[in-house]
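Report on the following structure.
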Amino acid sequence: MTTACLFTISAPSGAGKTSLVKALLEKSGNEVAVCVSHTTRPMRPGDVDGRDYHFVARKAFEQMIAAGEFLEHAQVFDNLYGTARASVDALLASGRHVILEIDWQGARQVKARLPETVAVFILPPSRATLEQRLRARGTDDDTTIARRMRDADREMSHYGDAEYLVVNADFDQALADLEAIVRAQGLLLARQVEKHRALIDSIPPPDDA
């Protein structure tokens, strides 16, 4: 087991996942990193290659699929999205915990390939609260809101795939819960033994060994 842990964090749109992950990164310094995904979608104004996504041509993406380079990938409308195994491995090798912000289908694919991955699911305190948050954005009409709620119901129905469940009723508490999950995984015996190898090797075996 490596000293760092891979986390998938899933949530319906409007549950606060992106804000929580951003706050976690700010509080964790260099201990936690988000893996940047690959995509075939065109860059938008303000996008930065390597920060928002790794932007690649469709042919290059398909070649990566054929070579088995993705932990997970999916097509969303006309564009492809995926998480490269090499990107995750490089971050883990640096000793940082790695977060994948991903839907339940992607999280399931990652778990199948890397069973030690820790899955976290974030839920809103209620469906009514989720709808209020979506409406508060002021960017969608009633038809779009209804579609987003149907999509959210499908996403939320897979909360049981996760090892940890965080309910974002209060942002500060939800952030504290997320921090606790990351810290607890870092303190697992196998990871601590690997991290403090010199200390562990200096300890004599128990008398009853």
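Taken together, the values in this text are just the output of simple stated rules run on the coordinates, not laboratory data. Not measured: the values here are computed from a predicted model. Cβ sites come from the backbone with ideal geometry, for glycine too, and all protein chains shown count toward neighbours.
So the values come out like this:
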| quantity | calculated |
| --- | --- |
| Count of residues meeting criterion [touching a helix residue (DSSP H, G or I) at 6+ places or on another chain (Cβ under 9 Å) and either surrounded by fewer than 19 Cβ atoms within 10 Å (Cβ to Cβ) or in a strand (DSSP E or B) (or both)] in region 57-93 | 14 |
| Pick from region 33-56, criterion more than 25 Å from Leu178 (Cα to Cα) and among the acidic types (Asp, Glu), ranking: surrounded by the fewest Cβ atoms within 10 Å (Cβ to Cβ) | Asp49 |
| Verdict on Glu26 being surrounded by fewer than 17 Cβ atoms within 10 Å (Cβ to Cβ), free of Cβ contacts under 8 Å to residues at least 40 places away in the same chain and not small (Gly, Ala, Ser) | yes |
| Selection from region 177-196 of residues that are closer than 26 Å to Ser19 by Cβ, touching a residue at least 24 places away in the same chain (Cβ under 8 Å) and not hydrophobic (A, V, I, L, M, F, W, C) | Glu179, Gln185, Gly186 |
| Count of residues meeting criterion [in a helix (DSSP H, G or I), exposed (fewer than 14 other Cβ atoms within 10 Å of the Cβ) and aliphatic (A, V, I, L, M)] in region 177-209 | 7 |
| Matching entry among Gly50, Gly16, Gly29 (being at positive phi and in contact with a Phe, Trp or Tyr (Cβ under 8 Å, 6 or more places away or on another chain)) | Gly16 |
| Where Phe121 falls short, out of the listed (1) touching a Phe, Trp or Tyr at 6+ places or on another chain (Cβ under 7 Å); (2) more than 20 Å from Ala74 (Cβ to Cβ); (3) of a type outside the set (D, E, K, R) | (2) |
| Top-ranked residue in region 125-159 [being of a type outside the set (Lys, Arg) and not in a helix (DSSP H, G or I); ranked as nearest to the chain's Cα centre (by Cα)] | His158 |
| Residue within region 101-121 that is polar (S, T, N, Q), within 19 Å of Ser19 (Cα to Cα) and part of a loop (DSSP other than H, G, I, E, B) present | no |
| Scope region 28-56; condition in a strand (DSSP E or B) and either of a type in the set (Phe, Trp, Tyr) or over 20 Å from the mean Cα position of the chain (by Cα) (or both); matching residues | Tyr53, Phe55 |
